Amino acid sequence: MKVKDILLAAAVRLGIEDGAKAYFNGTSSECERECDLLLNCFHSVENALALDYFPLYAEEVLRTATGAIQFSAFSHSPVRILSVKNQKGEEVEYSLYPNYLKTGAGTFTITYTYTPEKSELDSEASIASFVPDYLVVYGVLAEYCMAEARFEEALLWEKKYKNAIDKLYKQGTCTRLRSRIWA
């Protein structure tokens, strides 16, 4: 599902559908603040879902002559390195540093999880293939209502959001990751 469709579904439930449609189509700036807030809420929800419940996985083959592989060399921003294997497919030891991964010289296949890139309105949501649209809409609504100090509504949407996550978790489509440990 496109980001714009998710935001419009949330706008319908907030009662700002007409203003949001006009803003997203570029015909009016009436709801600019609300729509920008909806987009920020979407990015927050998408990031939380990808980091905590539905990790996005990538595998890349990278080469290093020095043994240091800069994180900037990865296609995505790594969150967790899951494995580093040499050309023979054997796991190799590595160390993590703030800006790079340190291992021996050579070519390595690295499997990792990553954070989603900030999506544009007309792009597909990164998390869309992992979760039902309504779950993301509930999360956006909870975030939006909390930001707008609509606390009772925020609690209602937060409950629906958490219940939808729990339902997916019980079905086995959700993987709860351990909390990140910061040194």
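Tally up the carbon and sulfur contribution to the accessible surface of region 19-104 as a whole percent, 1.4 Å probe, everything protein left in place. Don't jump to the answer; show the numbers that get you there.
Working: 2170 of 4850 Å².
Whole-percent figure for carbon plus sulfur exposure: 45.
Using the alpha-carbon centroid of each, what span in Å lies between region 78-108 and region 13-45?
Between the Cα centres of region 78-108 and region 13-45 lies a distance of 42 Å.
Read phi for every residue in region 45-57 and hand back ³J(HN,Hα) as whole Hz from Karplus 6.51 cos²θ - 1.76 cosθ + 1.60, θ = phi - 60°, with x for Gly and Pro.
Couplings: 5, 4, 5, 4, 5, 5, 7, 9, 10, 10, x, 8, 9 Hz.
Could you calculate the contour length gain from residue 61 to residue 33, that is, 0.36 nm times the residue separation minus the distance between their Cα atoms, to one decimal place in nm?
Computed gain between residue 61 and residue 33 is 5.8 nm.
Quick query: amide H of residue 56 versus all other amide H atoms, modeled in the peptide plane; which residues come in under 5 Å with a sequence gap of 5 or more or a different chain?
It is 114, by chain and number.
Would you kindly derive the ³J(HN,Hα) couplings of region 122-136 from the backbone phi angles with the Karplus curve 6.51 cos²θ - 1.76 cosθ + 1.60 (θ = phi - 60°), listing them in order in whole Hz, with x for Gly and Pro?
8, 8, 6, 5, 4, 8, 4, 7, 9, 9, x, 4, 4, 5, 5
Once phi is turned into θ = phi - 60°, what whole-Hz ³J(HN,Hα) does the Karplus curve with 6.51, -1.76 and 1.60 give for every residue of region 102-112, x standing for Gly and Pro?
10, 8, x, 6, x, 10, 10, 9, 10, 9, 8
In terms of modelled amide H atoms, which long-range or inter-chain residues lie less than 5 Å from the amide H of residue 100?
When sequence neighbours closer than 5 places are left aside, the close amide H contacts are 71.
Where does the charge balance sit around residue 119 when Lys and Arg score +1, Asp and Glu -1, over other residues with C-beta under 10 Å from its C-beta? Before the final figure, lay out the partial values.
Working: positive: 2, 4, 118; negative: 46, 117, 120, 122, 124.
It works out to a net charge of -2.
Take the alpha carbon gyration tensor of region 62-153, find the square roots of its eigenvalues, order them as a ≥ b ≥ c, and report rounded if a/c is under 1.5; if not, report prolate when a/b exceeds b/c, else oblate.
Since a/c reaches 1.5 and a/b is larger than b/c, the shape of region 62-153 is classed as prolate.
Residues with amide H under 5 Å of residue 31's amide H, sequence separation 5 or more or different chain, H placed in the peptide plane at 1.01 Å from N; which?
Long-range HN contacts for residue 31: 23.
Just add up the charged neighbours of residue 153: K/R +1, D/E -1, any other residue whose Cβ is under 12 Å from the Cβ of residue 153.
My count for the surroundings of residue 153 gives 0.
Between (i) 12.0; (ii) 12.6; (iii) 10.6, which entry matches mean projected area of the Cα convex hull in nm² as derived from the coordinates of this structure?
(ii)
Loop-only check: which trypsin sites (Lys or Arg not before Pro) in region 17-88 are DSSP coil with at most 10 other Cβ within 10 angstrom?
When the trypsin sites (Lys or Arg not before Pro) of region 17-88 are filtered for loop state and at most 10 Cβ neighbours within 10 Å, 88 remain.
The values are calculated or read from the model by the stated rules, or taken from the named source; none is laboratory data. None of the values given here were measured: they were computed from a predicted structure. Glycine gets a Cβ as well: all are built from the backbone with ideal geometry, and neighbour counts include every protein chain shown. Accessible surface areas use protein heavy atoms only, side chains included; no ligands, DNA or RNA. Shrake-Rupley method; radii C 1.70, N 1.55, O 1.52, S 1.80 Å.
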